[in-house]
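First the structure, in the form of structure tokens, and then the observations on it.
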Amino acid sequence: MSMNSIGRILVLTTFGESHGPAIGCVLDGCPPGIEISPEEFRHDLDRRATGKSRHTSQRHEEDAVEILSGVFEGKTTGAPIALLIRNTDARSKDYANIAQQFRPGHADYTYWQKYGIRDPRGGGRSSARETTMRVAAAVIAKKWLLQKYGIQVRGYVAQVGDFKPKAFDWNAVEDNPFFWPCAEQVAELEQFMDAVRKSGDSVGARLNVVADNVPAGWGEPIYGKLDAELASAMMSINAVKGVEIGAGFESVTQKGSEHRDLMTPEGFLGNNAGGILGGISSGQAVTCSVAFKPTSSLRLPGTSVDVNGSPIEVVTTGRHDPCVGLRATPICEAMMALVLMDQALRHRAQCGDVGEISPKL
């Protein structure tokens, strides 16, 4: 299985399956001298973890990170950083009845067609369990971006089904299990999710990710566009079906006079471009919106076929999220941080000698 890596200078490669003995990654190209300890991975891994509330899968993994290489005496050495997390709560028997079946909306059928073999245990390699290592690796990227450039990467859930926030407050996002930006709506959202879960169905979600303090000049004008690589990174996340940069699809209904971000000596008057012009960062906040499809693992019966092409009825048992987007905020943050760090290192390699350019907006 190829194409398990992302990045040009900062290269992340992940490995492992949902119900295998462990999952892991190798982060290559990381600068030396970054202080890092196993304890620093805990916060973001807890934010991504299942089982935090009744509204996510009840799989409870320890997610203890083992640093196997690339760190000596608490600092990165410049060598490849290998991280390992052992799976401690896999329950493969839940998937025994679907080993010869294709679940509608899953990668079962396409994996079978491509490889002629698949791991049915929790989706194997196509499981969202793989994203745990992206979040772990991005802990290092987030720390480097913050220390080096003051960049803060944050995300929040902007919509669940047809449920939208009435107000926005960054301080509310981390104080509830939904990463919801409106504290007064949390109880109502909880009731909404209870109803979805009890019905046996699922809903999709929209997540917004913002990176503040990104310097102007990162990205390439053609094939290495910052927005293109962000979109590609977000689309690599399980269940993502759409990505918008800045105004995104709202640009369709905007007039040019409305969409263009006018400039003044004091700065830009808007950010419909999402902080990226011509594939290169403008110095504004980089903004990205990501759409997650409804979970396909349902206890509601649905028609499908088995490996012999015979018609069957599928009911998916096991521990599944009624809305996978509810714990995807740290995953989207991770992908933005990894892309930004890689772009920063590439910019430094080619244009590190370019001095201060005026004006700075």
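The table that follows gives values for the structure above.
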item: Residue tally, condition touching a residue at least 24 places away in the same chain (Cβ under 8 Å), out of contact with any Asp or Glu (no Cβ under 7 Å at 6 or more places or on another chain) and either under 30 Å from residue 272 (Cα atoms) or of a type in the set (A, V, I, L, M) (or both), over the stretch 289-326; result: 12
item: Filtered residues of the stretch 168-225 (kept if surrounded by fewer than 17 Cβ atoms within 10 Å (Cβ to Cβ), among the aliphatic types (A, V, I, L, M) and free of Cβ contacts under 8 Å to residues at least 24 places away in the same chain); result: 183, 186, 187, 195
item: Selection from the stretch 10-28 of residues that are farther than 17 Å from residue 68 by Cβ and not aliphatic (A, V, I, L, M); result: 17, 18, 19
item: Checklist (1) under 30 Å from residue 31 (Cα atoms); (2) touching an Asp or Glu at 6+ places or on another chain (Cβ under 8 Å); (3) at pLDDT below 90 applied to residue 334, failing item; result: (3)
item: Residue within the stretch 342-359 that is of a type in the set (A, V, I, L, M, F, W, C) and over 30 Å from residue 139 (Cα atoms) present; result: yes
item: Single match in 287, 264 (criterion: among the hydroxyl-bearing types (Ser, Thr, Tyr), touching a Gly at 6+ places or on another chain (Cβ under 8 Å) and under 29 Å from residue 222 (Cα atoms)); result: 287
item: Residue count, the stretch 14-27 (criterion: of a type in the set (S, T, N, Q) and either more than 12 Å from residue 84 (Cα to Cα) or modelled with pLDDT under 95 (or both)); result: 1
item: Selection from the stretch 247-269 of residues that are surrounded by 14 or more Cβ atoms within 10 Å (Cβ to Cβ) and in contact with a helix residue (DSSP H, G or I) (Cβ under 9 Å, 6 or more places away or on another chain); result: 247, 251, 259
item: Unique residue being of a type in the set (A, V, I, L, M, F, W, C), crowded, with 22+ Cβ neighbours inside 10 Å and under 16 Å from residue 281 (Cβ atoms) when the list is 345, 361, 338; result: 338
item: Meets criteria (assigned to a loop (DSSP other than H, G, I, E, B) and either closer than 26 Å to residue 348 by Cβ or aromatic (Phe, Trp, Tyr) (or both)) for residue 30; result: yes
item: Tally of residues being within 17 Å of the chain's Cα centre (by Cα), in a helix (DSSP H, G or I) and of a type in the set (Lys, Arg) across the stretch 144-186; result: 0
item: Qualifying residue in the stretch 101-124 (condition: in a helix (DSSP H, G or I), modelled with pLDDT under 95 and closer than 21 Å to residue 291 by Cβ); result: yes
item: Among (1) touching a Pro at 6+ places or on another chain (Cβ under 7 Å); (2) closer than 30 Å to residue 76 by Cβ, the one test that residue 185 misses; result: (2)
item: Strands (runs of 3 or more DSSP E) lying entirely in the stretch 255-361 (those with 1 or more residues that are closer than 19 Å to residue 242 by Cβ and within 29 Å of the chain's Cα centre (by Cα)); result: 286-292
item: Residue 244 more than 17 Å from residue 336 (Cβ to Cβ), in contact with a Gly (Cβ under 9 Å, 6 or more places away or on another chain) and either surrounded by fewer than 20 Cβ atoms within 10 Å (Cβ to Cβ) or of a type in the set (Asp, Glu) (or both); result: no
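Here's the yes/no breakdown for (1) free of Cβ contacts under 8 Å to residues at least 40 places away in the same chain; (2) surrounded by 18 or more Cβ atoms within 10 Å (Cβ to Cβ):
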{"residue": "4", "(1), (2)": "yes, no"}
{"residue": "9", "(1), (2)": "no, no"}
{"residue": "18", "(1), (2)": "no, yes"}
{"residue": "25", "(1), (2)": "no, yes"}
{"residue": "34", "(1), (2)": "no, yes"}
{"residue": "40", "(1), (2)": "no, no"}
{"residue": "44", "(1), (2)": "no, yes"}
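The values are calculated or read from the model by the stated rules, or taken from the named source; none is laboratory data. Quantities reported herein were computed from a predicted structural model and do not represent experimental measurements. Cβ coordinates were reconstructed from backbone atoms using ideal geometry, including for glycine residues, and neighbour counts include every protein chain displayed.
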